[in-house]
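Following: one structure in structure tokens, then a few remarks.
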Amino acid sequence: MPSRSSSLRRARPLLGTLVEIAASGASAHLPAALEAAFAAIEQIDRLMSFHAPDSDVSRINAADAECEIGIDSHTSHVLHFARKLSELSDGVFDVTIADVLMREGFLPRQEGVAADAPAAASFHDLVLLPGDRVRWRRKGWIDLGGIAKGYAVDCAVDALRAHGVAGAVVNAGGDLRFFGEPQPVHVRDPETPTSLVPLGVFSDCAVATSSGYFSDRLSSGGVTEPLVDPLRRACVRWRQSVTVVAPDAMTADALTKVVRLAAQAAPGILERCRAQAIVIDRRGMRQCGIAMPAEATAA
């Protein structure tokens, strides 16, 4: 006798935010499916946390130049994708910007990062070696906060699919991925963050939004947010909201930074990644990149 279809929704604090997973399908499979999805997210959180002293990120940050470090295959996968995007964007996307975030107070300061320290390494200086190993050509510090959350969402979706879930929504603080039934998506208006703007109805894709309306702060240089321009080695403020729709959440998460920092190059990069950006500012809403997939229609 087939199992009765049902739905289940759970939420847990992970990845520095509240992760919510809603899934539908055979009721007997749903509890195990959600547990597997949360376990997948917890694994990525452990591996790629800037704060955990035994994470791959912390081990890379503690390594001296020319010292090889073995890392998990998940971390290696994310770093290889980050390298590809760094090359596509001519360095606009760069995970080796943790020293800037530390100096601006967005990340806890580590030994060796002084307020007047010279520019640290760039993505060129983090060498990705065969066998899931890395080394620094020149000492630097990485932060995967701009890409790992999306990858964790993708891993959760993989776990849900492996358990035969018919449809699901994984929401990690605005990094979303869905499959199954179409889902409406709203984002905050960057001018009045308490107001929501409908973007449309989406299915079988990922959606990530980036804006500074809740993360900006006052620093020595004025109001800023944790958005780093790697070419200037400085945090910048950008009073717009960018939402990227892409086939997977890692791509969508990372591309929000590219769109915000490289407006002229963004359309070509979005097309290469089969993605589209929706920008909202005081002038209204506009789009760039490829046309929406047939199953995802914007308002």
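The values are calculated or read from the model by the stated rules, or taken from the named source; none is laboratory data. Computed from a prediction, not measured in an experiment: that's the story for all the values here. In this analysis, Cβ positions are derived from the backbone assuming ideal geometry, glycine residues included, and neighbour counts consider all displayed protein chains.
The table below gives the values:
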read-out: Criterion violated by Ala172 - all others in (1) within 27 Å of Thr96 (Cβ to Cβ); (2) of a type outside the set (Lys, Arg); (3) more than 19 Å from the chain's Cα centre (by Cα) satisfied; value: (3)
read-out: Within the range 28-78, considering residues that are free of Cβ contacts under 8 Å to residues at least 24 places away in the same chain and within 27 Å of Leu176 (Cβ to Cβ), the one farthest from the chain's Cα centre (by Cα); value: Pro31
read-out: Subset of the range 275-298 that is surrounded by 16 or more Cβ atoms within 10 Å (Cβ to Cβ) and within 14 Å of Val201 (Cβ to Cβ) - its residue that is modelled with the highest pLDDT; value: Ile278
read-out: Residue match in the range 254-275 (condition: closer than 25 Å to Ile44 by Cβ, in contact with an Asp or Glu (Cβ under 7 Å, 6 or more places away or on another chain) and assigned to a loop (DSSP other than H, G, I, E, B)); value: no
read-out: Helices (runs of 4 or more DSSP H) enclosed by the range 15-126 - at least 2 residues per element that are under 26 Å from Gly174 (Cβ atoms) and at pLDDT 95 or above; value: 30-48, 56-62, 73-88
read-out: Val223 vs. criteria in a strand (DSSP E or B), at pLDDT below 95 and not aromatic (Phe, Trp, Tyr); value: yes
read-out: Test set (1) touching a strand residue (DSSP E or B) at 6+ places or on another chain (Cβ under 7 Å); (2) under 24 Å from Val279 (Cβ atoms) - Ile147 fails condition number; value: (1)
read-out: Considering residues of the range 20-44 that are out of contact with any helix residue (DSSP H, G or I) (no Cβ under 6 Å at 6 or more places or on another chain) and surrounded by 22 or more Cβ atoms within 10 Å (Cβ to Cβ) only, the residue farthest from Asp54 (Cα to Cα); value: Leu30
read-out: Some residue of the range 37-46 being outside the structural domain of Met250 (by TED's automatic domain parsing), in contact with a Pro (Cβ under 8 Å, 6 or more places away or on another chain) and within 30 Å of Ala266 (Cα to Cα); value: no
read-out: All positions within the range 227-251 that are outside any strand (DSSP E or B) and polar (S, T, N, Q); value: Gln240, Thr251
read-out: Residues that are of a type in the set (Asp, Glu) and either surrounded by fewer than 19 Cβ atoms within 10 Å (Cβ to Cβ) or farther than 20 Å from Asp45 by Cβ (or both), drawn from the range 160-210; value: Glu181, Asp189, Glu191, Asp204
read-out: Selection status of Phe178, assigned to a strand (DSSP E or B) and either hydrophobic (A, V, I, L, M, F, W, C) or assigned by TED's automatic domain parsing to the domain that holds Val258 (or both); value: yes
